[in-house]
Amino acid sequence: MLALENVTSRYGRIEVLHGVSLDVAAGEIVTLVGSNGAGKTTLLKAISGVQPVARGSIRFNGSPIDRLPPHRRVALGIAQVPEGRQVFGPLTVEDNLRLGAWAREDAEIAADIDRIFETFPALAEKRRLDAGSLSGGQQQMLAIGRALMARPKLLLLDEPSMGLAPLLVDQIFSIIGGLKHQGLTILLVEQNAYGALAIADRAYVMETGRVTMSGSGSALLDDPRVRAAYLGL
């Protein structure tokens with residue numbers, strides 16, 4: 001579904017991605033793990049079109065997308081849940097969800113909102129409250145729900161467990177696993193390496209803008225280098 005080949009990206013003169021290649025097959029959860037500053041978020045932004053690509057190619061379902069603007073990529077089926085959630089605080093929960101469907105013109109938006117509320121009952125109880133009044137965990141659920149309203153084929157998740165209590169972290173990972181069972185393809189960036197690798201079909205390790213390791217989630221969980229560097233074992 002997604003293929004990156006030798007992708008390079010810069011902030012000004014500073015190159016932060018150095019020839020990154022990876023792929024994501026339909027129906028997979030693929031995880032990117034690595035320390036702060038490894039380039040994981042920049043890579044997701046390059047895929048969604050927020051960060052320009054200097055060299056290399058990004059293909060989605062066989063077609064090049066690295067020169068398309070972000071809204072065209074959304075229309076093709078790519079949605080990103082940004083780091084830090086970034087919900088629209090002054091707007092209601094329901095209006096945040098409606099904004100996730102801004103590119104759609106079909107008659108099923110209301111039905112999809114109801115399905116989001118079935119998936120996240122805590123949001124249904126607060127559908128008319130300002131999103132800024134929600135807890136961190138509820139805002140993360142809202143950010144995921146907002147992305148799902150675009151009916152994506154590929155969901156990009158950037159640090160969904162960041163800043164959440166352990167019980168909520170488990171809940172978020174359970175939700176991600178459930179989305180895969182519904183047929184969604186997921187590229188997950190996550191500092192909680194243990195939780196992310198545990199649910200991943202495959203994973204890549206990034207260090208200073210490069211992919212340094214790859215393999216199945218279970219294989220990387222058992223790799224002594226990964227255990228020492230990212231799992232504290």
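The values are calculated or read from the model by the stated rules, or taken from the named source; none is laboratory data. Because the structure is predicted, anything quoted here is derived from the model rather than measured. Cβ: placed from backbone, ideal geometry, glycine included. Neighbour counts: every protein chain shown.
Brief remarks on what is shown
- Of the residues making up the range 157-171, just one is surrounded by fewer than 23 Cβ atoms within 10 Å (Cβ to Cβ), hydrophobic (A, V, I, L, M, F, W, C) and either in contact with a strand residue (DSSP E or B) (Cβ under 9 Å, 6 or more places away or on another chain) or under 24 Å from Gly49 (Cβ atoms) (or both), namely Met162.
- Given (1) under 20 Å from the mean Cα position of the chain (by Cα); (2) surrounded by fewer than 17 Cβ atoms within 10 Å (Cβ to Cβ); (3) modelled with pLDDT under 95, number of the condition Glu105 does not satisfy: (1)
- One residue stands out among those in the range 173-207 that are assigned to a helix (DSSP H, G or I) and in contact with a strand residue (DSSP E or B) (Cβ under 9 Å, 6 or more places away or on another chain): the one that is surrounded by the fewest Cβ atoms within 10 Å (Cβ to Cβ), which is Gly177.
- Single residue of the range 13-35 satisfying the filter (at pLDDT 95 or above and part of a loop (DSSP other than H, G, I, E, B)) that is surrounded by the most Cβ atoms within 10 Å (Cβ to Cβ): Glu28
- Unique residue being touching an Asp or Glu at 6+ places or on another chain (Cβ under 8 Å), under 19 Å from Leu188 (Cβ atoms) and assigned to a strand (DSSP E or B) when the list is Ala3, Ala38, Ala79: Ala3
- Extreme residue, farthest from Arg210 (Cα to Cα), among residues of the range 1-41 that are without any contact (Cβ under 8 Å) to a residue 60 or more places away in the chain and of a type in the set (Val, Ile, Thr): Ile14
- Subset of the range 128-150 that is surrounded by fewer than 17 Cβ atoms within 10 Å (Cβ to Cβ) and assigned to a loop (DSSP other than H, G, I, E, B) - its residue that is modelled with the lowest pLDDT: Ser135
- Leading residue by the ranking (nearest to Ala196 (Cα to Cα)) among those in the range 210-228 that are among the aliphatic types (A, V, I, L, M) and in contact (Cβ under 8 Å) with a residue 60 or more places away in the chain: Leu220
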